[in-house]
Amino acid sequence: MKISISKAATETLSLDAAAFFVVGTDREKAVSNIASLIGVTATSIGSDFKAKEADLHLLYPQNGKFEPKRAVLLGLGEKPTLDSVRKAASAFAAKAREMKFGKIGVDLTAVETLAKHISESVDYVAQAVVEGVWYGAYDYDQLKTNRIEALKNSNGKKADEKKVELKELVLTTDADAASDVAEGAKVGDIIGSAQSMTRDLINSPSNYMTATDLANAAKASGKKYGYKVTVFGKKQLEELGMGGLLGVNAGSANPPTFSILEYKPTGKVKAKIAIVGKGVTFDTGGISLKPSENMGDMKADMSGAADVIGAVEAAARLKLPMHVIGIMPATDNKPSGTAQNPGDVLTTYSGITIEVDNTDAEGRLILADALTYAKEKFEPDAIIDLATLTGACVIALGNPTAGLFSNDDKLAELLFAAGLRSGEKVWRMPLWDDYDKQIKSDVADVKNTGGRGAGAITAAKFLEKFIGDHKSWAHLDIAGPAFPSMGGAQGKGSSGFGVRLLVEAMRRWN
Ligand code: BES
Ligand code: MN
Ligand code: ZN
């Protein structure tokens with residue numbers, strides 16, 4: 001998608017559609033201004049368009065001087081935030097995709113007033129617009145061939161229908177704001193495209209996304225954007241003694257991978273951080289087999305790992321002054337004659353032994369090795385892990401919000417604030433030692449399940465054992481927001497939740 005900034009007035013541009021933001025409290029005046037600009041009467045628009053967050057209303061200009069084919073009113077709600085702007089832009093782009101528009105515009109001539117109204121800077125508003133457009137324009141269509149239609153139409157000889165996609169976004173603005181808008185748009189373009197790449201990885205079905213495919217995706221990104229990627233195969237994992245990852249992989253026909261991504265800025269470095277992501281490319285549950293209903297969603301159980309690639313890629317492209325290490329342990333979780341059994345005991349990279357009470361609590365087994373490795377090998381200033389870890393977290397917080405667990409108040413506050421700004425919200429839950437007794441094992445150092453109560457917390461308490469004495473760790477349970485098929489604002493498929501959150505946290509690191 002090409003993004004350009006135009007200082008010419010919106011009405012002079014040839015576009016499939018031009019959108020205007022409307023704040024709820026300002027609705028009447030804004031609607032009547034736009035109506036007169038495009039030459040239609042405002043009376044009935046006002047009652048149809050409420051300007052609630054992400055409300056969208058299409059109008060057909062009657063004034064020959066207004067060049068765009070359609071004018072679109074985008075509601076921001078009564079108390080807009082940065083995320084209202086993102087959501088409205090996303091709704092516009094989703095409409096553009098549905099209607100097969102090739103070139104759209106967003107009117108940002110009043111961006112300074114809007115930025116002031118929501119207490120944000122102009123560049124961040126422009127960034128949110130571009131992120132939103134990327135988000136709403138996204139569609140996972142790589143595996144659609146149109147062969148059914150083609151075969152029906154002329155003995156299979158007809159060429160496949162050409163894919164129509166959004167090609168260009170124009171942001172119109174006045175001269176004063178132009179450079180800030182351009183700067184924000186550039187950042188939004190990087191973050192938005194990194195998130196779309198991440199969503200592609202997550203939406204790929206498991207036969208297109210094995211542990212090897214995931215490692216290759218990291219290598220491809222590293223090569224394209226100039227950061228280092230190292231991949232360990234099964235033999236190296238055996239030598240290192242990564243018993244957690246190998247235990248989960250035991251039933252699989254596909255070998256595990258363990259990828260290390262490393263972006264190091266050339267200039268000054270603010271901090272060294274490790275981002276660890278769960279890369280279960282398909283979670284059947286293993287011998288503790290899951291029920292078949294909705295099991296297909298478990299292709300997205302590598303969302304945390306995909307977020308790692310997205311975040312490191314964005315950090316490299318934005319040239320952030322942060323040394324970022326990404327770690328992705330990856331495997332599928334399958335039952336077979338060689339699979340691990342409930343009751344088995346694994347020895348992890350740390351030396352800590354685990355009783356595998358349930359083979360479906362596999363994410364924490366592979367993260368155990370990765371967290372210790374991150375701590376010992378790199379001694380980072382902070383470790384953040386992301387994992388679609390527990391159904392219990394979905395019960396607690398639903399789809400809008402990820403669970404946050406941290407031993408560092410400052411890091412927790414940073415992530416909370418980054419969540420609000422990026423629209424990828426997190427809510428902190430406790431890590432009190434009261435929960436430790438639930439994961440005590442009779443035969444090993446720790447057990448991988450904690451019973452019915454507080455499932456998201458006992459999973460976090462389990463992970464905590466593997467960071468040793470590290471003082472700044474945060475665990476994000478993204479099972480709710482990352483997962484597909486929940487519909488709503490995020491539409492079909494994966495949200496790629498985590499990329500915007502991580503980038504915002506890195507940008508505001510102090
Ligand atoms: N990948 C799942 C968690 C999950 C569940 C993500 C639903 C998204 C939606 C994880 O590996 C898992 O199976 N967790 C178990 C743990 C239990 C066996 C202790 C769970 O949550 O049921
Ligand atoms: Mn599982
Ligand atoms: Zn899982």
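Return yes or no: is Leu431 within 30 Å of Pro342 (Cα to Cα), under 20 Å from the mean Cα position of the chain (by Cα) and in a loop (DSSP other than H, G, I, E, B)?
Working: within 30 Å of Pro342 (Cα to Cα): yes; under 20 Å from the mean Cα position of the chain (by Cα): no; in a loop (DSSP other than H, G, I, E, B): yes.
The answer is no for Leu431.
Here is a check on your reading of the model: is Ala374 among the small types (Gly, Ala, Ser), farther than 26 Å from Gly423 by Cβ and not in a loop (DSSP other than H, G, I, E, B)? Yes; evaluated as a whole, the condition is true for this residue.
Considering only residues that are more than 11 Å from ligand 3 (Cβ to nearest atom) and acidic (Asp, Glu), look in segment 264-308 and name the one that is farthest from the chain's Cα centre (by Cα). Result: Glu293.
Going through (1) within 28 Å of Ser196 (Cα to Cα); (2) modelled with pLDDT under 95; (3) hydrophobic (A, V, I, L, M, F, W, C) one by one, Ala42 falls short only on (1). Those strands (runs of 3 or more DSSP E) of segment 320-371 in which 3 or more residues are closer than 30 Å to Lys228 by Cα occupy 322-333. Phe21 falls short on exactly one of the conditions (1) at pLDDT 95 or above; (2) over 19 Å from Ser84 (Cβ atoms), and that condition is (2).
A quick yes/no check of all residues on (1) crowded, with 24+ Cβ neighbours inside 10 Å; (2) modelled with pLDDT under 95; (3) touching a strand residue (DSSP E or B) at 6+ places or on another chain (Cβ under 7 Å):
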residue: Arg86; (1), (2), (3): yes, no, no
residue: Glu112; (1), (2), (3): no, no, no
residue: Glu120; (1), (2), (3): no, no, no
residue: Ala128; (1), (2), (3): yes, no, no
residue: Ala137; (1), (2), (3): no, no, no
residue: Tyr140; (1), (2), (3): no, yes, no
residue: Arg147; (1), (2), (3): no, yes, no
residue: Ser154; (1), (2), (3): no, yes, no
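Scoring Ile325 on the criteria (1) crowded, with 22+ Cβ neighbours inside 10 Å; (2) touching a Pro at 6+ places or on another chain (Cβ under 8 Å); (3) under 23 Å from Cys393 (Cβ atoms) leaves a single failure, condition (3).
In segment 254-261, the count of residues that are more than 14 Å from ligand 3 (Cβ to nearest atom), aromatic (Phe, Trp, Tyr) and more than 25 Å from Ser204 (Cα to Cα) is zero. In the set (1) modelled with pLDDT under 95; (2) under 29 Å from the mean Cα position of the chain (by Cα); (3) farther than 18 Å from Leu15 by Cα, the condition left unmet by Val164 is number (3).
One residue stands out among those in segment 356-379 that are of a type in the set (D, E, K, R) and within 16 Å of ligand 2 (Cβ to nearest atom): the one that is nearest to Val276 (Cα to Cα), which is Arg364.
Take the conditions out of contact with any strand residue (DSSP E or B) (no Cβ under 9 Å at 6 or more places or on another chain) and either charged (D, E, K, R) or not assigned by TED's automatic domain parsing to the domain that holds Ala482 (or both) and apply them to Asp442. Does it pass?
On the way: out of contact with any strand residue (DSSP E or B) (no Cβ under 9 Å at 6 or more places or on another chain): no; either charged (D, E, K, R) or not assigned by TED's automatic domain parsing to the domain that holds Ala482 (or both): yes.
No.
Per the listing Ala417, Ala505, the residue uniquely surrounded by fewer than 20 Cβ atoms within 10 Å (Cβ to Cβ) and assigned to a helix (DSSP H, G or I) is Ala417.
For segment 275-319, filtered to residues that are buried (at least 20 other Cβ atoms within 10 Å of the Cβ) and among the charged types (D, E, K, R), the residue that is farthest from ligand 1 (Cβ to nearest atom) is Arg317.
Residue by residue through segment 380-399, note down the ones that are among the small types (Gly, Ala, Ser), away from ligand 2 (no atom under 11 Å from the Cβ) and not in a helix (DSSP H, G or I). Spell out how you get there, then give the answer.
The first filter runs over segment 380-399 and keeps only residues among the small types (Gly, Ala, Ser), leaving 382, 387, 391-392, 396, 398.
So of that shortlist, the ones also away from ligand 2 (no atom under 11 Å from the Cβ) come out as 382, 392, 396, 398.
Residues satisfying the conditions are Ala382, Gly398.
For (1) assigned by TED's automatic domain parsing to the domain that holds Ala89; (2) assigned to a loop (DSSP other than H, G, I, E, B); (3) surrounded by fewer than 20 Cβ atoms within 10 Å (Cβ to Cβ); (4) modelled with pLDDT of 95 or more, each residue gets a yes or a no:
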{"position": "Asn207", "(1), (2), (3), (4)": "no, yes, yes, yes"}
{"position": "Thr212", "(1), (2), (3), (4)": "no, no, yes, yes"}
{"position": "Asn216", "(1), (2), (3), (4)": "no, no, yes, yes"}
{"position": "Gly244", "(1), (2), (3), (4)": "no, no, no, yes"}
{"position": "Val248", "(1), (2), (3), (4)": "no, no, no, yes"}
{"position": "Gly251", "(1), (2), (3), (4)": "no, yes, no, yes"}
{"position": "Phe258", "(1), (2), (3), (4)": "no, no, no, yes"}
{"position": "Leu261", "(1), (2), (3), (4)": "no, no, no, yes"}
{"position": "Val269", "(1), (2), (3), (4)": "no, yes, yes, yes"}
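Condition first: out of contact with any strand residue (DSSP E or B) (no Cβ under 9 Å at 6 or more places or on another chain) and within 20 Å of Met1 (Cβ to Cβ). Can you find one or more residues in segment 66-84 that meet it? The answer is no; no qualifying residue exists.
Matching residues to (1) in the same structural domain as Ser252 (by TED's automatic domain parsing); (2) surrounded by 21 or more Cβ atoms within 10 Å (Cβ to Cβ); (3) in contact with an Asp or Glu (Cβ under 7 Å, 6 or more places away or on another chain):
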| position | (1), (2), (3) |
| --- | --- |
| Leu367 | yes, yes, yes |
| Gly391 | yes, no, no |
| Leu397 | yes, yes, no |
| Trp427 | yes, no, no |
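Only a single item in (1) more than 26 Å from Val345 (Cα to Cα); (2) in a helix (DSSP H, G or I); (3) in contact (Cβ under 8 Å) with a residue 24 or more places away in the chain is not met by Leu463, and it is number (1).
Of all the residues in segment 256-290, those that are within 15 Å of ligand 2 (Cβ to nearest atom) and under 22 Å from Gly337 (Cβ atoms) number 11.
The values are calculated or read from the model by the stated rules, or taken from the named source; none is laboratory data. Since the model is a prediction, treat every value here as computed from it, not as a measurement. Quick reminder, even Gly has a Cβ in these numbers, built from the backbone with ideal geometry, and neighbours come from all protein chains shown.
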